[in-house]
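The values are calculated or read from the model by the stated rules, or taken from the named source; none is laboratory data. Because the structure is a prediction, the values reported are computed rather than measured. Here the Cβ positions follow ideal geometry from the backbone for every residue, glycine too, while neighbour counts run over all protein chains shown. We work out accessible area using only protein heavy atoms, side chains counted, and drop any ligands, DNA or RNA first. Shrake-Rupley method; radii C 1.70, N 1.55, O 1.52, S 1.80 Å.
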Amino acid sequence: MSTPAENEASIKQESGPSGTVQDKPKKIVVRTGDGEVFELKEEVAMEMETIKTFFMEDNISYETVMPLTNVDSWELVKVIEYCSKYVELKNKENFHKELKAFQDEFVKSMSPKTLLSLSNVANYLEIKYFLDFICQAIADHIKSKDVEYVRELFGVENDFTEEEYEMAKTEAPWAHENLDKDLY
Amino acid sequence: MSKISHDTIIDILSRLPAKSICRFRCVSKTWLLLTHEPHFIATHLSRHQKQKLILSSNKALFSLDQEAPIDDDMLPSVLDFPLKGDLNNQWIQMLGSCNGLVCIMPQPEAFFVFNPSTRESMRVPDCPMSSHADPCAEVGYDVHGFGYAPSVKDYMLVKIHKGCSVLIFSLKNNSWKTVQDFPYKHLLKNPGTTLNGAVHWLCMGPDHLPVIAALDLAGQKFSGLSPPESVIDSNGYTTGVLRDCLCLLHHNDHDRQRVFWIMKEYGVKESWTRILIAEPFFSLQPLCYWKNTKILVARNRREMLLFNPRDGTCKCLLANGLQVPFYVDVYVESLVSPNFRLN
């Protein structure tokens with residue numbers, strides 16, 4: 001893998017006006033927090049506001065490798081998977097139906113915790129429809145789960161004393177009934 | 001895993017039904033505080049605008065959900081409400097609903113504002129007027145209404161005492177106040193219809209023509225709306241609302257009707273439009289849009305119809321286990337507390 005200095009050198013040689021029309025589809029290159037380099041199709045990369053702003057705001061050349069320090073490679077793989085599919089289906093007639101089918105499979109392929117950590121990435125990369133999807137998927141998942149499960153999933157510490165917890169529970173004891181039996 | 005952002009937690013939680021949120025208030029003190037914040041409650045409300053039904057039948061209350069899995073056969077759920085099971089209960093009268101709060105009267109002069117989704121309730125203090133004999137009594141009964149005034153962020157219960165004195169109870173101030181005398185005559189015995197921050201009742205104006213009295217809740221003043229030209233007698237009509245449009249329906253035990261009126265533009269007499277419905281009715285109450293394309297109406301207090309506004313055709317929707325006759329109103333799921341002034 002080339003060093004940052006070498007990258008700088010090659011950028012200086014090849015950069016040109018960013019508005020240049022090229023024959024082959026444009027690629028945007030990013031580097032994740034764990035050091036992996038990804039090449040994204042321009043149309044997919046532009047779905048992510050953070051990347052879009054980085055390149056568009058100051059007319060930065062696509063030769064620049066954008067650092068995504070807060071994103072792990074496995075997370076970016078998942079994001080690219082979702083956004084590519086979304087872009088592919090966007091203008092199709094059965095958009096909603098096909099997207100729903102893809103969403104169901106996407107959720108099934110991940111554990112709730114990994115789904116939740118993708119919400120941070122969706123926030124950081126500013127992909128509104130992806131964040132929307134993740135939040136709804138998590139809401140659907142936790143809807144009928146009990147308090148312990150949700151604490152575990154979100155990594156929230158129970159700061160109630162035994163007494164305080166019982167008091168809080170008496171506000172709506174009926175809300176703790178008829179929950180999902182298969183918890184984990 | 002790095003910590004989930006505060007905004008994301010709010011985003012996720014605001015999508016949950018009230019029951020889940022009531023439970024997750026026990027997750028931690030932070031979550032308890034967060035889910036009680038007015039901003040969170042407002043966000044949650046904005047995500048839960050799909051109307052549900054609340055039905056009053058045989059001294060009990062039930063709810064029906066558009067999202068319930070079975071399409072034609074609905075199973076109403078029994079609702080908990082203040083004074084449930086009390087031996088003195090009569091018909092649970094429903095006086096109006098706003099932002100998830102419903103005002104009910106399970107016994108004469110016993111008013112409650114409650115949220116069916118969180119089961120929180122408050123009892124309205126006794127009205128100072130109700131026990132007084134009124135020399136100017138126009139009619140022998142009291143008529144009520146319940147609504148929300150967005151400009152003052154307050155919920156109000158209106159009582160028109162014997163057709164002449166008007167009193168308003170403010171949930172925010174927890175007190176009754178007398179406002180102007182009722183300016184019209186022949187007030188009919190149905191609870192008011194609420195929309196646009198005003199409560200509406202059908203009655204008779206000074207020129208002996210029917211008029212729709214509209215009480216603006218924030219300003220606490222009456223104005224009059226004109227019914228359609230061809231409606232010349234207020235008797236036998238009721239008001240209703242369908243997605244922010246006022247409706248006028250004929251309620252008659254002898255003649256079967258097939259038409260109801262909808263005021264497409266609020267306050268504009270010319271915008272009254274006739275809606276034709278294929279099935280005849282003695283009484284009809286428009287409820288809400290059902291799954292975005294059809295209109296749900298209650299017919300003759302005995303059944304519910306899914307009505308296609310394009311061609312007037314109807315399909316019957318069965319509500320299993322519901323005794324007839326029943327009264328019905330719409331409400332939304334929310335976390336709004338009837339005791340919000342205490343927070």
Scanning region B:230-239 residue by residue, those open to solvent by 60 Å² or more (accessible area, probe 1.4 Å) and touching a strand residue (DSSP E or B) at 6+ places or on another chain (Cβ under 8 Å) turn out to be B:Ile232, B:Asp233
Within region B:263-317, residues over 17 Å from B:Tyr237 (Cα atoms), part of a strand (DSSP E or B) and aromatic (Phe, Trp, Tyr) come out as B:Tyr289, B:Trp290, B:Phe307
Residues of region B:171-189 being over 16 Å from the mean Cα position of the chain (by Cα) and surrounded by fewer than 18 Cβ atoms within 10 Å (Cβ to Cβ), in sequence order, are B:Lys172, B:Asn173, B:Asn174, B:Ser175, B:Lys177, B:Thr178, B:Val179, B:Gln180, B:Asp181, B:Pro183, B:Lys185, B:His186
Worksheet item: Hey, does region B:321-337 have a residue that's outside any strand (DSSP E or B), aromatic (Phe, Trp, Tyr) and in contact with a Ser or Thr (Cβ under 6 Å, 6 or more places away or on another chain)?
Response: yes
If we keep only residues of region B:31-47 that are in a loop (DSSP other than H, G, I, E, B) and of a type outside the set (Val, Ile, Thr), then the residue farthest from the other protein chains (Cβ to nearest Cβ) is B:Glu37
Expected single match for open to solvent by 40 Å² or more (accessible area, probe 1.4 Å) and within 21 Å of the chain's Cα centre (by Cα) among A:Asp159, A:Asp140, A:Asp180 is A:Asp140
Residue pairs qualifying under the 7 Å Cβ cut-off, at least six apart or on distinct chains, with the first in region B:249-272 being among the small types (Gly, Ala, Ser) and the second being assigned to a strand (DSSP E or B) and open to solvent by less than 50 Å² (accessible area, probe 1.4 Å), are B:Gly267/B:Leu225; B:Ser271/B:Met263
Quick check: anything in region B:14-30 open to solvent by 30 Å² or more (accessible area, probe 1.4 Å), among the aliphatic types (A, V, I, L, M), more than 25 Å from B:Ile295 (Cβ to Cβ) and not in a strand (DSSP E or B)? no
Reported set for region B:270-303 where residues are more than 20 Å from B:Ser57 (Cβ to Cβ), open to solvent by 50 Å² or more (accessible area, probe 1.4 Å) and touching a strand residue (DSSP E or B) at 6+ places or on another chain (Cβ under 8 Å) is B:Arg274, B:Leu276, B:Glu279, B:Tyr289, B:Lys294
When restricted to B:Pro125, B:Pro82, the only residue out of contact with any Leu (no Cβ under 9 Å at 6 or more places or on another chain), under 14 Å from B:Leu171 (Cα atoms) and not small (Gly, Ala, Ser) is B:Pro125
- Message: Going residue by residue through region A:81-89, is there one that turns out to be without any contact (Cβ under 8 Å) to a residue 24 or more places away in the chain and either farther than 20 Å from A:Leu40 by Cβ or surrounded by fewer than 13 Cβ atoms within 10 Å (Cβ to Cβ) (or both)?
- Response: no
Here the qualifying pairs (Cβ atoms under 7 Å; residues six or more apart or on different chains; first in region A:142-157 and more than 8 Å from chain B (Cβ to nearest Cβ) and closer than 10 Å to B:Phe24 by Cα; second of a type in the set (Asp, Glu) and not in a helix (DSSP H, G or I)) come out as A:Lys145/A:Asp180
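Kindly establish whether B:Trp261 is open to solvent by less than 50 Å² (accessible area, probe 1.4 Å), under 29 Å from B:Val166 (Cα atoms) and among the aromatic types (Phe, Trp, Tyr).
Values: open to solvent by less than 50 Å² (accessible area, probe 1.4 Å): yes; under 29 Å from B:Val166 (Cα atoms): yes; among the aromatic types (Phe, Trp, Tyr): yes.
Criteria met by B:Trp261.
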Note on region A:30-72: residues under 20 Å from A:Leu131 (Cβ atoms) and assigned to a helix (DSSP H, G or I) are A:Glu43, A:Val44, A:Ala45, A:Glu49, A:Thr50, A:Ile51, A:Lys52, A:Thr53, A:Phe54
Residues in region B:40-57 that are in contact with a helix residue (DSSP H, G or I) (Cβ under 8 Å, 6 or more places away or on another chain) and open to solvent by less than 10 Å² (accessible area, probe 1.4 Å) total 2
Checked pairs for region B:9-21, first within 7 Å of another protein chain (Cβ to nearest Cβ), second open to solvent by less than 10 Å² (accessible area, probe 1.4 Å) and among the small types (Gly, Ala, Ser), C-beta under 6 Å and 6 or more apart or across chains, list as B:Ile12/A:Ala139; B:Arg15/A:Ala139; B:Leu16/A:Ala139; B:Lys19/A:Ala175
If we keep only residues of region A:90-131 that are assigned to a helix (DSSP H, G or I) and open to solvent by 90 Å² or more (accessible area, probe 1.4 Å), then the residue nearest to A:Thr50 (Cα to Cα) is A:Lys128
The correct count of residues that are out of contact with any Cys (no Cβ under 7 Å at 6 or more places or on another chain), at the interface with another protein chain (Cβ under 8 Å from one of its Cβ atoms) and among the small types (Gly, Ala, Ser) in region A:116-141 is 2
